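Step one of this worksheet: look at the structure below.
The values are calculated or read from the model by the stated rules, or taken from the named source; none is laboratory data. The shown structure was predicted, so the numbers you read here are calculated from the model rather than taken from an experiment. Neighbour counts are summed over all protein chains in view; Cβ atoms, including those assigned to glycine, are modelled from backbone coordinates with ideal geometry. Ligands, DNA and RNA are stripped out before the accessible areas are found, and what is left, the full protein with its side chains, is counted by its heavy atoms. Shrake-Rupley method; radii C 1.70, N 1.55, O 1.52, S 1.80 Å.
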Amino acid sequence: MGAEETSPIAARFAQLAQTHGTQTAIAFRGDEQRPDHLFTHDFAKFWRRVERVTAHLQASWQIQPGDRVAWLGLNHELQLVALVACARLGAIFMPLNFRLAVAELQQVLNDATPSLLVHDSLHAPVAAALTGAGLCRTHLDALIASAAPRGLPMPEVPGDAPVLLVYTSGTTGLPKGAVHTQDNLLANARASQAAHGFVDGDKVLSTLPMFHVGGLCIQTLPALLAGVSVVLHARFDAGAWLDEVDASQTSLSLLVPATLRAVLDHPRWPLAQLSSLRGVMAGSSTIPAAYLQAFHDRGIPVGQIYGTTETGPVSIVLRLEQAAARMGSTGWPHAEAQVALRNERGEQVPVGQAGEVCIRAPNVMRGYWQADGAVGVGLQDGWFCTGDLGQQAEDGCITIVGRSKDMVISGGENIYPAEIENLLITLPGVAECAVLGLPDVRWGEVPVAVLVRSKDAAGQSLTPEAVMQHLQSRIARFKLPRRLVWLDSLPKSALGKVQKPLLQARLTGTNP
Ligand code: AMP
């Protein structure tokens with residue numbers, strides 16, 4: 001064990017099985033059969049499960065280097081086991097966003113063409129509805145249930161082998177898969193480890209969905225790679241989060257604005273025992289100051305992680321010890337990252353001015369998925385331009401101040417208006433449309449659709465119900481507009497582009 005592992009990710013877990021064998025790797029709560037039970041696996045057992053799942057993937061499904069293995073389910077410890085097994089085999093693990101509609105998932109599968117789709121019971125009907133040439137499906141329990149023959153030869157797996165494929169919707173409305181190599185994941189783990197300053201005895205509570213790099217790669221995988229224990233929940237629940245902090249004496253966790261608020265609004269928040277926490281990290285969108293203050297008032301600092309699916313994601317970090325002094329700021333680039341704030345001409349902006357955040361770092365993706373394996377698609381000379389606007393202070397501290405890309409963030413989920421607009425415009429009776437994000441107390445932002453009727457009979461008879469019905473089966477629920485606004489025309493620029501800032505101002509009663 002260990003010496004013959006060529007995959008850098010697998011080699012690290014083989015090593016941890018020896019150095020941290022009896023220490024808890026994962027404690028998992030929320031299994032479909034026994035939802036309240038805390039399943040605990042030490043690093044030695046975690047590695048034995050990796051060996052077993054590797055053998056199963058090889059013997060039963062003939063998974064080869066470069067094959068994609070898709071995962072559709074709530075968080076489960078086997079998801080991490082399967083990821084490391086894929087790393088060993090040089091295969092590519094591909095977690096799917098279970099909040100997407102079948103049609104959206106199908107688009108992703110058509111692009112990535114996985115050979116195997118692993119699912120839990122809850123998502124079995126969706127898995128059955130998805131198709132693909134040669135696509136096999138299996139329940140996650142089958143990965144570990146039978147002892148598959150061992151000893152099949154292991155492939156050589158270099159550090160630049162792709163190991164993780166995560167889809168994100170693009171500004172055009174089409175899904176794009178960010179490809180991360182094993183070296184990318186290790187670099188991201190180094191960035192995360194420095195961001196959190198993991199120490200012996202740390203225990204991370206992970207409750208955000210691991211189909212996002214946020215749930216998977218900000219704390220969960222980096223903690224395990226550092227030999228730090230993870231308590232994993234199948235899904236976030238504010239009461240369960242509060243209870244678990246005390247029950248498992250967890251020291252760190254990651255929340256997004258919607259979950260920070262759910263914790264603050266929970267009736268047990270005022271009295272909950274949270275003294276084991278040395279801090280909470282937050283990200284995914286700008287975080288309301290009141291939430292930060294409420295945690296700080298209880299002596300729990302809230303740091304920040306900024307990044308995107310493409311950047312690993314850990315890129316800009318406000319460490320816990322910096323959090324009180326720089327509340328509301330996003331922080332500093334991690335040690336191996338170059339961050340440039342650029343204007344529309346691509347020039348670096350001076351201190352104090354807003355520019356697009358561009359990042360070059362060893363944890364930035366290798367490129368977007370291309371079936372022919374083309375390298376670097378979506379990057380310019382290794383730089384990824386995020387479409388977010390940042391502003392830098394004299395001391396280098398960066399604050400995210402807005403977005404240059406057309407995107408809405410609702411409860412931590414990205415919504416690209418183009419996706420919804422592309423669908424609305426195909427509906428007979430819709431002459432023009434625009435989707436905007438409007439402020440919302442609970443979700444941060446919610447999508448709102450502005451529609452112009454066509455002059456014909458279809459336009460005159462179009463009802464709100466027909467609009468919603470058109471969208472419901474085609475996009476995820478969280479993307480459905482919360483409001484439909486009917487106008488006679490949309491404000492446009494001289495080039496005919498819809499002027500969303502003007503529309504936004506009109507709907508919110510503010511100045512553009
Ligand atoms: P995703 O690709 O789903 O990880 O989403 C990335 C986007 O989330 C970024 O482009 C930002 O717009 C936003 N984001 C992530 N972290 C932060 C943060 N700490 N502060 C503000 N916005 C953030």
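Descriptive notes on the structure:
- For region 1-157, the orientation-averaged shadow of the C-alpha convex hull comes to 9.0 nm² (one quarter of the hull surface).
- Residues of region 106-142 with amide N under 20 Å of a point placed 7 Å along Cα→Cβ from A374: 108-114
- Approximate shape of the chain as ellipsoid semi-axes (Cα gyration tensor, √5λ), whole Å, largest first: 37, 28, 23
- Listed by chain and number, the lysines placed with their C-alpha closer than 27 angstrom to that of K405 are K176, K479, K492, K497, K500; residues fewer than eight positions away on the same chain are left out.
- Counting only protein heavy atoms and a 1.4 Å probe, region 405-508 has 49 square angstrom of accessible area per residue.
- Site-free segments of the chain were taken between GluC sites (Glu not before Pro) in DSSP loops having at most 13 other Cβ atoms within 10 Å, sites themselves excluded; the longest one is 157-343.
- Of the accessible area of the chain, computed with a 1.4 Å probe over protein heavy atoms only, carbon and sulfur atoms account for 52 percent.
- In this structure, D488 and R137 have a Cβ-Cβ separation that, at R0 = 56 Å, corresponds to a calculated FRET efficiency of about 0.70.
- Region 476-488 - phi-based ³J(HN,Hα) in whole Hz, Karplus 6.51/-1.76/1.60, Gly and Pro as x: 4, 4, 5, 8, 5, x, 7, 8, 10, 10, 9, 10, 7
- Alpha carbon Rg of region 405-508, scaled by the compact-globule rule 2.2 N^0.38 Å: 1.03
- Three-way shape label, region 376-453, alpha-carbon gyration tensor, a/c 1.5: oblate
- Alpha carbon centroid spacing (whole Å) that separates region 283-343 from region 79-113: 28 Å
- For the chain, a crude dipole built from +1 on the beta carbon of Lys and Arg and -1 on the beta carbon of Asp and Glu, taken about the Cα centre, is about 600 debye to the nearest 20.
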